[in-house]
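The values are calculated or read from the model by the stated rules, or taken from the named source; none is laboratory data. Computed from a predicted model, the values in this text were never measured in an experiment. Cβ placement follows ideal geometry from the backbone for every residue including glycine, while neighbour counts extend to all protein chains displayed. Protein only, heavy atoms only, side chains kept; ligands, DNA and RNA dropped before computing areas. Shrake-Rupley method; radii C 1.70, N 1.55, O 1.52, S 1.80 Å.
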Amino acid sequence: MTPPPTPTPTAGEAAFMAELRRLKAWSGLSYRELERAATAAGEVLPYSTAATMLGRDRLPREALLVAFVVACGLGADDTRRWVSVRRELAVGAAAPPAVERARPPRRRLPRLRLAVVGIAAACALLVGAGAATLATSTVEEEQAVGSAQTQP
């Protein structure tokens with residue numbers, strides 16, 4: 001039997017995930033069989049979670065990695081190796097970039113736009129209130145004129 005695939009920390013997350021896919025192929029197990037093997041080893045590995053994990057290029061959680069590697073049939077030493085490489089990659093991925101990009105200057109356009117909209121709304125409110133007042137006074141004047149004309 002060929003030796004199982006082993007990860008290398010310098011290769012990156014995508015290469016690590018490619019090695020996990022190779023490990024699954026090396027095991028010869030289906031996702032359902034991996035779930036049963038993990039359960040037999042005292043681990044939890046739903047088949048759908050394993051399939052989703054291998055479909056991505058992001059590092060899996062450590063507990064998920066352990067369950068997967070154990071289900072594939074690797075021993076404690078190999079499992080520690082996989083976990084160690086995963087930790088190195090996780091620390092490297094969390095490190096800040098060496099050169100930080102300068103932020104572009106903030107634009108004040110949204111504030112100006114908000115001010116213009118606010119002023120326009122206030123003007124519309126005042127115009128509407130004036131029109132309502134004018135309409136009310138016009139109706140009252142017409143009623144007063146009409147009643148004065150009907151009186152002899």
Separation in nanometres of the label points that stand 7 Å from Cα toward Cβ, at V91 and T10:
1.7
Residue-normalised accessible area of segment 23-79, expressed per residue, 1.4 Å probe, Å²:
51
Starting from the Cα of A76, step 7 Å along the direction of its Cβ; do the same at L114; then give the gap between the two resulting points in nm.
6.1
